[in-house]
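Single-structure report; data block below.
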Amino acid sequence: MDAQKEIIRLRRELEHHNKLYYVLDAPVISDYEYDMLMQRLKALEAEHPELVTPDSPTQRVGGAALSQFEPVRHQVRMESLTDVFSYDELLSFGERMDALIAGPHGYVVEPKIDGLSMSLEYENGIFVRGATRGDGITGENVTENLRTVRSLPLRIENAPERLIVRGEVYMSKAVFQELNEQREINGEALLANPRNAAAGSMRQLDPRVAASRKLDIICFNMQYSSDFKYETHAETLDAMRAMGFPVVPYKEYGDIGSCLERIGWLGENRGELPYDMDGAVIKINSLSQRESLGSTAKAPRWAVAFKYPPEKKESRVVDIVIQVGRTGVLTPKVIVEPVRLAGTTVSAATLHNQDNIDRLDLRIGDTVLLQKAGEIIPEVLSVNKDKRPGNTIPFVMPAICPECGSPVVRDEDGAALRCTSPECPAQRLRNIAHFASREAMDIEGLGISVCESLINSGLVKTAADLYSLDKEKVAALERMGNKSAENLIAAIDRSREAGLARLLCAFGIRQVGQKAAKVLAAYFPNLDRLMEANTEELTKIPDIGGITAGFIAEWFKNPQSMHLIKRLREAGVSFESREEKRDSRFAGMTFVLTGTLQKYTRDEATALIESCGGKTSSSVSKKTSFVLAGENAGSKLTKAENLGVKVISEEEFADLLK
């Protein structure tokens, strides 16, 4: 078949399956079959790059990171809504509509998805630009990041010459939970809620980061059409769905009183919906009536958002248990008698740490007031001490890990307790996944799901077990097979020669990440020499402070750490450094980068400075050695000139590197 015809066929087939999956919720092929179609299209486009178009399904992930988001002036103002918080306020809205509209008028009720509002522009059916709401008049151009959203159609059928649609980018509850689990494994700060996670993802300068967040979009308004032929809002939603957009579910009602049942249903069932929602939107259905009503300076007169109050209920504390997270943090969890709250049954809530327990003075047997924080995570608001039994005692966190019996230490900020064992069963998945990660031993094919399979099957208990895996047993695991097992074993074998820097990073010693591991590997020729070093010697190394030195020394004192090292040595893992001795020409110097650099990205310039022993800072002070200024340098350049700090160009920076 001709390559161009095959490419067109594959694109149409993939777009068809996207619509079935994201719009109609009725997929007819497996994820694997979809991926195979995509791989075939990618291969053909790689062979014929002149045939690649912006609307191709392969263009979901942008290549280059963006330096900034350019402003976009909206053709149609993106208004916000007036909030109401009670049925009385909602009925008052209905009375205003009765007074302002002559004759009958109907309403549409929709869930108010808690995400990031977007304007989506199409020309001749092709997605050409997407922008955030901003201040309603001017937003940010996030087109490349929006292309990574799988549920957003890049091409629509039977489209007008120009179309602008408004939608809400959101992160599903399932993806939010999965992302936070991964961040916990990586030792990263957890995201607060799906809305913030979606907003932060859309503002990533690198579209590949946005793509990794698995965002979705749901559309709720036709802002503009060059071929507008609709009389009601409901008709526009149906038309958008027919074009291939994922559209907000809606119900039509003849009067405001009839809307109350739907609003109540959404409130009761919002816990079951795949997305986070914080209210219901009630709109006049007739577009001509909307036009006659107009808008205030801030919001349309023809719509309001009914905001659900956070639901609170009392329950009795049955127990307080300690969970050891994948980063080793001991977290107290309160077990309560099951109670229905915000659409789901709640039987447990987090207490965070001992300080929070002390603040609440919470004890087993107490009656507590519960609420869902951000409609997602149950939390204890207060203790009803009038209902406290007479035999309760204060709760105190344990001094040893309940999973492995190792000592626990308090974080330097005094808030959290942490298990010190590198072989703690509760931390097993996190430790092994981190050991195999790209910045550590870089074992290709050993992701979270494979790690879980290896652990659940009993084949792996510690990272050292990876080096004695049997290919036949690995091949027998679900979704593996002989070829995958063979590739995994080969990748594990290659990692034996990863070198000291990667091994130190893989150990997961607190505050010893990729950068500190390279510094240590440049200073010590092998692991044995590092283990001989005391904290005084460690603190003499650039970038290794007293706290980090203490964590390193403490880690090597742990018997379980020494057991892991012994087994890795027996497995033939190299303990030798592969790092070249550090270039120290910028030792003791601090650089500040400002403006747009032409020859380097900021990450590249920072890496070059650090490779020569220097540091970078985000602010200019008298201690700054150099300010590297690109085009359109701003206040940092002015401050440097006022303080007498030397300002260098990219050419002068290149001379320093020679």
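Observations
- Among the residues of the stretch 454-474, those that are surrounded by fewer than 16 Cβ atoms within 10 Å (Cβ to Cβ) and under 29 Å from the mean Cα position of the chain (by Cα) comprise ASN456, LYS461.
- Count - residues of the stretch 282-306 that are closer than 21 Å to LEU260 by Cβ and either of a type in the set (A, V, I, L, M, F, W, C) or not assigned by TED's automatic domain parsing to the domain that holds ILE263 (or both): 7
- Residue check, ASP465 out of contact with any Gly (no Cβ under 8 Å at 6 or more places or on another chain), in a helix (DSSP H, G or I) and modelled with pLDDT of 90 or more: yes
- Residue list for the stretch 309-326, filter: under 27 Å from ALA506 (Cβ atoms) and assigned to a strand (DSSP E or B): GLN323, VAL324
- Screening ALA605 with (1) at pLDDT 90 or above; (2) touching a strand residue (DSSP E or B) at 6+ places or on another chain (Cβ under 7 Å); (3) within 30 Å of GLU497 (Cα to Cα) gives one miss only, at (1).
- For the stretch 425-462, a tally of residues being of a type in the set (Asp, Glu), closer than 18 Å to ALA571 by Cα and part of a helix (DSSP H, G or I) returns 0.
- Hey, LEU520 in contact (Cβ under 8 Å) with a residue 24 or more places away in the chain, in a helix (DSSP H, G or I) and under 36 Å from the mean Cα position of the chain (by Cα) or not: yes
- Screening PHE176 on (1) of a type outside the set (Val, Ile, Thr); (2) out of contact with any Leu (no Cβ under 9 Å at 6 or more places or on another chain); (3) crowded, with 23+ Cβ neighbours inside 10 Å shows it passes everything except condition (2).
- Selection within the stretch 192-223 - crowded, with 17+ Cβ neighbours inside 10 Å, over 17 Å from LEU152 (Cβ atoms) and either among the aromatic types (Phe, Trp, Tyr) or without any contact (Cβ under 8 Å) to a residue 40 or more places away in the chain (or both): ALA197
- Cβ separations smaller than 9 Å between residues 6+ apart or across chains give the following pairs from the stretch 619-647 residues that are in contact (Cβ under 8 Å) with a residue 12 or more places away in the chain to residues that are acidic (Asp, Glu): PHE626/GLU652; VAL627/GLU641; LEU628/GLU650; LEU628/GLU652; ALA629/GLU650; GLY630/GLU650; VAL647/GLU641.
- Among the helices (runs of 4 or more DSSP H) confined to the stretch 546-644, the ones with at least 1 residues that are in contact with a Phe, Trp or Tyr (Cβ under 6 Å, 6 or more places away or on another chain) and closer than 24 Å to LEU657 by Cβ are located at 602-611.
- Whenever a residue of the stretch 82-103 is farther than 21 Å from GLY294 by Cβ, its partners that are surrounded by 14 or more Cβ atoms within 10 Å (Cβ to Cβ) and of a type in the set (D, E, K, R), lying with C-beta atoms within less than 8 angstrom and at least six residues away or across chains, give the pairs PHE85/LYS307.
- Residue satisfying all of: in the stretch 475-493; under 30 Å from GLU576 (Cα atoms) and within 31 Å of the chain's Cα centre (by Cα); surrounded by the fewest Cβ atoms within 10 Å (Cβ to Cβ) among these: ASN487
- Residue ranges of strands (runs of 3 or more DSSP E) in the stretch 98-157 with at least 1 members buried (at least 17 other Cβ atoms within 10 Å of the Cβ) and among the β-branched types (Val, Ile, Thr): 107-113, 126-132
- Hey, GLU576 among the acidic types (Asp, Glu), touching a strand residue (DSSP E or B) at 6+ places or on another chain (Cβ under 6 Å), under 19 Å from ALA506 (Cα atoms) and not assigned by TED's automatic domain parsing to the domain that holds PHE653 or not: yes
- Matching residues, the stretch 467-512, being within 20 Å of ASN526 (Cβ to Cβ) and of a type outside the set (A, V, I, L, M, F, W, C): TYR467, ARG494, SER495, ARG496, GLU497, GLY499, ARG502, GLY508
- Pairing each residue of the stretch 229-256 that is outside the structural domain of ASN158 (by TED's automatic domain parsing) with any residue that is of a type in the set (Phe, Trp, Tyr), provided the two are 6+ apart or on different chains, yields no C-beta distance under 6 Å.
- Scope the stretch 626-646; condition surrounded by fewer than 17 Cβ atoms within 10 Å (Cβ to Cβ) and over 22 Å from LEU205 (Cβ atoms); matching residues: THR638, GLU641, ASN642, LEU643, GLY644, LYS646
The values are calculated or read from the model by the stated rules, or taken from the named source; none is laboratory data. Predicted model only: the values in this text are computed from it and were never measured. Neighbour counts are summed over all protein chains in view; Cβ atoms, including those assigned to glycine, are modelled from backbone coordinates with ideal geometry.
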